[in-house]
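Please read the structure below before turning to the comments.
The values are calculated or read from the model by the stated rules, or taken from the named source; none is laboratory data. This structure is a prediction, so every number in the text was calculated from the model and none was measured. Quick reminder, even Gly has a Cβ in these numbers, built from the backbone with ideal geometry, and neighbours come from all protein chains shown. These area figures cover heavy atoms from the full protein model, side chains too; ligands, DNA and RNA do not enter into them. Shrake-Rupley method; radii C 1.70, N 1.55, O 1.52, S 1.80 Å.
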Amino acid sequence: MADLLAELLFDCDVVGAQLELVLPIQGTHWRVLDGVVSEPQIDPADLLAITTDLNWPLDAADSYVVITPCVDQTLLVGCPRSLLQVWIDVVEMADLPLRRVDWVVSSAQRGLMLQQQEWFGDIAWVFSDGSSYRLVVIRAGIPELDCCIRPKNDEDLVLELRRRVAAWQGLSGSSPPLAWCFCLSEEALTKLDSLMDPDRGETTVGADGLWMPHAVTEDDEVQGLQMLERLALQGMREDLYR
């Protein structure tokens with residue numbers, strides 16, 4: 001991987017490059033912390049040590065965590081040290097400076113919020129997570145529900161998505177207008193034809209006009225980037241120019 005990075009930049013005649021690393025979905029986790037103010041002087045490790053009931057599989061002593069503002073709350077993102085360190089080692093072996101590290105889901109969520117600044121309702125965001133589907137429900141810019149669904153068939157997927165959203169709406173005590181955002185392949189989208197309910201005022205939102213990097217090879221041109229990856233790049237670019 002290190003050799004590939006170094007050779008790729010050399011072949012593209014890129015001089016003085018700095019890398020921004022976006023960690024894959026697996027192995028990284030996030031939690032919204034209620035009543036916690038994100039301040040520069042707060043050490044994320046100290047915050048993790050005093051925060052209970054996170055219900056995530058990370059070991060506090062063997063994890064890297066970062067806190068970021070999330071509207072009027074705080075978002076905690078963490079990953080195992082081994083996962084991050086192996087990527088840092090790859091970048092060092094390629095003899096390249098590592099500018100920053102983010103996670104594809106949290107970065108894509110920022111990109112999605114940028115794309116939908118004029119939408120004031122809830123967003124039910126669906127994307128693939130390995131062999132599962134992942135549902136993230138966002139209200140007022142805050143990811144309030146995050147769950148994985150492993151359906152037995154297409155009908156079960158539609159029923160499970162509807163059931164999770166309905167349960168969350170009942171728990172939250174209100175039901176603002178709902179928009180569905182699908183970061184899925186065309187094949188997967190056909191399984192969800194019956195999901196949206198226009199009689200409830202539901203709609204869909206897309207991510208049109210997203211920035212797309214120039215393809216390096218013909219295969220890259222044909223394959224392109226997945227929508228989730230393009231949203232993540234959008235979120236990274238926003239932080240770069242902020």
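Taking the residues in the stretch 151-168 that are at pLDDT 90 or above and not hydrophobic (A, V, I, L, M, F, W, C) as candidates, determine which candidate is farthest from the chain's Cα centre (by Cα).
Within the stretch 151-168, the subset at pLDDT 90 or above is 156-168.
Restricting the remaining residues to those that are not hydrophobic (A, V, I, L, M, F, W, C) gives 156, 160, 162-164.
Numbers: D156: 24, E160: 21, R162: 21, R163: 22, R164: 19 Å.
Filtering first and then ranking leaves D156.
From the list L83, L112, L75, L54, exactly one residue is within 20 Å of the chain's Cα centre (by Cα) and at pLDDT below 85. Which is it? It would help to see each step written out before you state the result.
Working: L83 fails: at pLDDT below 85; L112 fails: at pLDDT below 85; L75 fails: at pLDDT below 85.
Exactly one of L83, L112, L75, L54 is within 20 Å of the chain's Cα centre (by Cα) and at pLDDT below 85, namely L54.
Among the residues that make up the stretch 198-210, is at least one of them modelled with pLDDT under 75 and acidic (D, E)? First the steps, then the outcome.
Quick first cut of the stretch 198-210, residues modelled with pLDDT under 75 only: 207-210.
Then keep just the ones that are acidic (D, E); that gives 208.
Looking for residues that are modelled with pLDDT under 75 and acidic (D, E), one finds at least one in the stretch 198-210, hence yes.
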Filtering the stretch 66-90 for residues that are in contact with a Leu (Cβ under 7 Å, 6 or more places away or on another chain), part of a strand (DSSP E or B) and more than 14 Å from T28 (Cα to Cα) leaves a count of 3
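Mind checking which residues of the stretch 91-111 are farther than 28 Å from V71 by Cα, part of a helix (DSSP H, G or I) and not hydrophobic (A, V, I, L, M, F, W, C)? Break it down into steps so the answer makes sense when it comes.
Filtering the stretch 91-111 down to residues farther than 28 Å from V71 by Cα leaves 91-97.
Those still in the list that are part of a helix (DSSP H, G or I) too: 91-93.
Passing the criteria: only E92.
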Those residues of the stretch 121-150 that are of a type in the set (K, R) and at pLDDT below 95 come to a total of 2
Residue, least open to solvent (accessible area, probe 1.4 Å), within the stretch 140-184, restricted to residues that are small (G, A, S), within 16 Å of R200 (Cβ to Cβ) and not in a helix (DSSP H, G or I):
A179
All-but-one check, E118 against (1) out of contact with any Gly (no Cβ under 8 Å at 6 or more places or on another chain); (2) at pLDDT 90 or above, failing number (2)
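From L96, L76, grab the single residue that is open to solvent by less than 40 Å² (accessible area, probe 1.4 Å), out of contact with any Cys (no Cβ under 6 Å at 6 or more places or on another chain) and free of Cβ contacts under 8 Å to residues at least 60 places away in the same chain.
Details: L96 fails: free of Cβ contacts under 8 Å to residues at least 60 places away in the same chain.
Residue meeting the stated conditions: L76.
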Go through the stretch 102-123 and report how many residues are under 10 Å from V205 (Cβ atoms) and in contact with a helix residue (DSSP H, G or I) (Cβ under 8 Å, 6 or more places away or on another chain).
3
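Can you tell me which residue within the stretch 99-114, out of those that are of a type in the set (A, V, I, L, M) and under 18 Å from D129 (Cα atoms), is most open to solvent (accessible area, probe 1.4 Å)?
Keep residues of the stretch 99-114 that are of a type in the set (A, V, I, L, M), which gives 101, 104-105, 108, 112-114.
Pick out the ones that are also under 18 Å from D129 (Cα atoms) and you get 104-105, 108, 112.
Values: V104: 16, V105: 0, A108: 0, L112: 0 Å².
If we take residues in the stretch 99-114 being of a type in the set (A, V, I, L, M) and under 18 Å from D129 (Cα atoms), then V104 is most open to solvent (accessible area, probe 1.4 Å).
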